[in-house]
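Enquirer: Structure in structure tokens, see below.
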Amino acid sequence: MPALGEFSKLEKLFEDELLRREGPFKPGERCRDCLQGSAVSRCTDCFGRQGFCDACIVQAHKALPFHRIQKWNGLFFERVTLTKLGAILAFCQCCGSNCNRRKITVVHTNGLHEVEIGLCAGASASPHFIQLLQHDMFPATIKSPVTAVTFDCLRDFHQHSLCSKRSAYDYVTKLARSTDNVVPMSTRDRYREFMFCARLWRRLQLSKRSGQAHRLEDVIPPECKSVLLDSGPICSRCPACPLPGGIYADPSYRCFSSHLSTMLLGGDGNFHLQLKDKRRQDEERSLLDGQGFFPRRDSFDEYIGLTSDTNERHESCSGEPSGMVFRGGRDQGMSVSGIYGCSCVRHSIFLPGGLVDLQKGERCVLRLIHTLYDNPNGQSVGMQM
Ligand SMILES: [Zn+2]
Ligand SMILES: [Zn+2]
Ligand SMILES: [Zn+2]
Ligand SMILES: [Zn+2]
């Protein structure tokens, strides 16, 4: 490991090299490609930061449309877009100059880009939003999209949110700063559009990775179908635990040891994961209603509506905070006072539909567990809690 004292002696050299990057090209420096035009522009994303003339840097970035270009204006390197230098991102070769040109704001991992796109206007051309999808860009609207987020950016944000817990707001703020760190407010706010695309992206990834996009239920062997839910599941039941149906539905099946046909369930709650009762827009409804780990919203609301409030005791000798949270309830402006989840004890796999928002204490949890393995044929496996 290099010593800090060694760095301190050479600090000035490090500083000089960083400052050198900010300076102009050498006097008389020629374009790296054509060797004729003056070197005036450079790319901060390409390796080497060599100088190009405008025509050559546009040509060199035909397949790299979201690289950031800087041009020397006599005083400093000024950020310019490839579109300003004359680049058009053509989606097809058939239309030529007849293509449908449109300026689109593209959100990419290194910032926002104003790009002029040549959309195919041929007789067999797909709708604009499909053409964007075919070129790895997610349109923020279906009709006449003017904003798109690249697949790379959506993938990057998805990993950030899973690994570093970064919020979409922070991520978009960072993108605005990457676009213009001097006056970030000059960058157009694309938070709403980004959120729309990111939500749909996660939904589509779930569908793809769970096999539903490939119609998993059509290809899975019949004896394994009990692990799937009936309503297009995104998650599956624990494949190792005994489930109703299958061999347990066979009258000739005899089990000599009850634990072999017993599912052991465990549950735990988080009473700090609360949701404030804020006014929500229609777009904020779930895209996975009943297909994931939470039950269907309408049936759950129906059940909650049937239950009556109880006079829970405020004092608790165990110090369990759930009663305290519930006691505040809606008076404190919370619509969810916590969550409760069920998993199989042997393998720690959460049950599909096995998580609930706590709204009326813990009674709804017990009801949930009983309904999860309600077998209409009356042939249920044993369950211990
Ligand atoms: Zn050149
Ligand atoms: Zn480049
Ligand atoms: Zn075309
Ligand atoms: Zn299990």
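Rule-based calculations on the coordinates, nothing more; no lab input. From a predicted model like this one, the values you see are computed outputs, not experimental measurements. Virtual Cβ from ideal backbone geometry, glycine too; neighbours counted across all protein chains shown.
Enquirer: Longer than 19 Å from Cα to Cα, which of LYS62/LYS208; LYS26/LYS71; LYS62/LYS103; LYS12/LYS174 are they? Say none if no pair is.
Expert: Going by Cα-Cα distance, LYS62/LYS208; LYS12/LYS174 fall outside the 19 Å limit.
Enquirer: For the range 19-80, what is the convex hull volume of the alpha-carbon atoms per residue, in Å³? Let's see the in-between values first.
Expert: Details: hull volume 5.1 nm³, N = 62.
Residue-normalised Cα hull volume stands at 82 Å³.
Enquirer: Could you work out the local net charge near HIS108, counting Lys and Arg as +1, Asp and Glu as -1, over the other residues with Cβ closer than 13 Å to its Cβ? Could the numbers behind the result be given before it?
Expert: Values: positive: ARG68, ARG155, LYS174, ARG190; negative: ASP45, GLU114, ASP136, ASP152, ASP156.
Summing Lys/Arg as +1 and Asp/Glu as -1 gives -1.
Enquirer: Additional query: Going by Cα centres, the range 156-186 and the range 24-77 are how many Å apart?
Expert: Centre-to-centre distance over Cα atoms comes out at 27 Å.
Enquirer: In straight Cα distance, which lysines are under 19 Å from LYS276, not counting same-chain residues fewer than 8 positions off?
Expert: The qualifying lysines are LYS360.
Enquirer: Give me the net charge of LEU162's neighbourhood, meaning all other residues with Cβ under 14 Å from the Cβ of LEU162; Lys, Arg count +1, Asp, Glu -1.
Expert: +4
Enquirer: Rounded to a whole number, what is D in µm²/s for the range 92-209 from Stokes-Einstein with the Kirkwood radius over alpha-carbon pairs (10 °C, 1.306 mPa s)?
Expert: It diffuses with D of about 105 µm²/s by this estimate.
Enquirer: Give, rounded to the nearest 20 debye, the magnitude of the charge dipole that the range 92-209 has about its Cα centre when Lys and Arg contribute +1 at Cβ and Asp and Glu contribute -1 at Cβ.
Expert: 460 debye
Enquirer: Taking the Cβ of ARG20 as the centre, find all other residues whose Cβ is under 12 Å away and add up their charges (Lys, Arg: +1; Asp, Glu: -1). Intermediate results must be reported in sequence, preceding the final value.
Expert: Numbers: positive: ARG21, LYS26, ARG49; negative: GLU15, ASP16, GLU17, GLU22.
Summing Lys and Arg as +1 and Asp and Glu as -1 gives -1.
Enquirer: Only loop residues by DSSP count here, and only those with at most 13 other Cβ atoms within 10 Å; note down the trypsin sites (Lys or Arg not before Pro) in the range 1-50 that meet that.
Expert: Hits after loop and neighbour filter: ARG21, ARG49.
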